[in-house]
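The values are calculated or read from the model by the stated rules, or taken from the named source; none is laboratory data. It should be emphasised that the depicted structure is a prediction, and the values quoted were computed from it without experimental measurement. Here the Cβ positions follow ideal geometry from the backbone for every residue, glycine too, while neighbour counts run over all protein chains shown.
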Amino acid sequence: MNNFIYADNAATTKISPEVFEAMTPYLTEFYGNTSSLYKIGRENHKVKEEARRKIAELIGASAMEIFFTSGGSESDNWALKGTMRRLAAQGKKHMITSAIEHHAILHSAKTLEKEGFEVTYLPVDEKGRVSVESVKDAIRPDTGLVSIMFANNEVGTIQPVAEIGAVCREAGVLFHTDAVQAAGSVVIDVKAQNIDMLSISAHKFHGPKGIGVFYCKRGLFPANLIDGGAQERGHRAGTENLAYIVGMAKAFEIACAELEEKNARISAMRDKIQEGLLDIADSKVNGDPDNRLPGNLNMSFAGVDGQSLIFDMDLAGIAVSSGSACASGSMDPSHVLLALGIPYHMAHGSLRISLGKYNTEEEVDRIISTVKEVVSNLRNGN
Ligand SMILES: *Cc1c(COP(=O)(O)O)cnc(C)c1O
């Protein structure tokens, strides 16, 4: 994989060597069950609680508000289903989300609709922003929950989370945010940003896949999603994956510590690619040019098929994504791009480049020249 360039960091990231090193002792030597009463169990329990404390501190929460889950999808499911199923007893049968959420949110909302709940899907503007006013206007007396993502995974748009949270608090409605893309790239402070619940996934910031965090403000107890043993203080059963918990805490600690330096470097590379690719005729940047994740670049090229674009980029040794990759097998363009009002033919020819901390200046030049060549070839019918 000598000449391979990975530019799909919004899909997942490589585990960093420091994280791998922190994790391995818990896969090999320290394998005790954190619930066991003997020494190798008790000591692992302490390690787990230290990871919890560290993660809590990094988002301005307290340790008891942090629950370990299997990742972003589980945390999102828990927030929506757990909260609404609990609130149904109080007559709250309505929730609000946006049209551009990740499928972990949208499909959870669909499940709730089948159970008899009502869901409002707020539209976004052409930059992918949810307006704070629209949230306020959509809140009804029976609204229990608002869930708006912190930053979008396809176009990178960052939402006015603190303002939306303030509106919810004022109205006495709970506020959840899917912060899976934001964590490690944007500063999170659950208190200052008025967040009641939040989802994080380790593999989006150089931690392992299959582990995440559900932050849930003290006193709120969504109904359990996974019943069984008494782990996570009885709220989420299953023997803890300590190696991954340790890896996640380490990865999050590193990501938060290097956030500023990393963002400056990554966004400079992103801007250079954007400038280079705007040379291509009939090209357009999708999303919000100002309020965007540092590594995200989503562009459309008229008259080009997104799937072919990804395929040819892959042949040239560059991994990128398209607005149709998430729904692979389906030819429909992404629900996110369509919600931004991007015409079908432009949404169809979309490309998402998502840079991470391991991308280099040399790679930037090769990405630019390869995309130009591939788009030109596809337009010429070869
Ligand atoms: C990746 C992602 C998820 C899903 O997280 P997993 O840990 O892969 O389940 C949810 N929401 C957003 C915004 C994501 O980017």
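Quick notes
- Just one of the numbered conditions (1) surrounded by fewer than 21 Cβ atoms within 10 Å (Cβ to Cβ); (2) within 16 Å of the ligand (Cβ to nearest atom); (3) in contact (Cβ under 8 Å) with a residue 40 or more places away in the chain; (4) not hydrophobic (A, V, I, L, M, F, W, C) is not true of His107: (3).
- Gln181 within 16 Å of the ligand (Cβ to nearest atom), assigned to a loop (DSSP other than H, G, I, E, B) and buried (at least 21 other Cβ atoms within 10 Å of the Cβ): yes
- Matching residues in the range 296-312 - criterion: being free of Cβ contacts under 8 Å to residues at least 40 places away in the same chain and in contact with a Ser or Thr (Cβ under 8 Å, 6 or more places away or on another chain): Gln307
- One residue stands out in the range 207-240 among those that are touching a strand residue (DSSP E or B) at 6+ places or on another chain (Cβ under 6 Å) and within 16 Å of the ligand (Cβ to nearest atom): the one that is nearest to Gly165 (Cα to Cα), namely Tyr215.
- Considering (1) loosely packed, with under 14 Cβ neighbours inside 10 Å; (2) within 26 Å of the chain's Cα centre (by Cα); (3) more than 25 Å from Leu225 (Cβ to Cβ), the lone condition that Thr28 does not fulfil carries the number (2).
- The sole residue among Thr97, Thr143 that is away from the ligand (no atom under 16 Å from the Cβ), of a type in the set (Val, Ile, Thr) and surrounded by 18 or more Cβ atoms within 10 Å (Cβ to Cβ) is Thr143.
- When Ala255, Ala268, Ala281, Ala249 are checked against the criterion of being under 24 Å from the mean Cα position of the chain (by Cα), surrounded by fewer than 20 Cβ atoms within 10 Å (Cβ to Cβ), among the small types (Gly, Ala, Ser) and not in a strand (DSSP E or B), a single residue qualifies: Ala268.
- All told, Phe67 meets the bar of being within 20 Å of the chain's Cα centre (by Cα), assigned by TED's automatic domain parsing to the domain that holds Gly210 and hydrophobic (A, V, I, L, M, F, W, C).
- Residue match in the range 199-206 (condition: touching a helix residue (DSSP H, G or I) at 6+ places or on another chain (Cβ under 6 Å), part of a loop (DSSP other than H, G, I, E, B), away from the ligand (no atom under 16 Å from the Cβ) and of a type outside the set (A, V, I, L, M)): no
- Matching residues, the range 338-359, being without any contact (Cβ under 8 Å) to a residue 40 or more places away in the chain and assigned to a loop (DSSP other than H, G, I, E, B): Pro343
- None of Gly356, Gly306 is surrounded by 15 or more Cβ atoms within 10 Å (Cβ to Cβ) and under 23 Å from His107 (Cβ atoms) except Gly306.
- Picking from residues in the range 31-69 that are surrounded by fewer than 18 Cβ atoms within 10 Å (Cβ to Cβ) and of a type in the set (Ser, Thr, Tyr), the one that is farthest from the ligand (Cβ to nearest atom) is Tyr38.
- Test: residue in the range 80-87 that is under 20 Å from the mean Cα position of the chain (by Cα), charged (D, E, K, R) and within 14 Å of the ligand (Cβ to nearest atom): no
- Residue match in the range 119-129 (condition: over 26 Å from Ser300 (Cβ atoms), touching a Ser or Thr at 6+ places or on another chain (Cβ under 9 Å) and more than 16 Å from the ligand (Cβ to nearest atom)): yes
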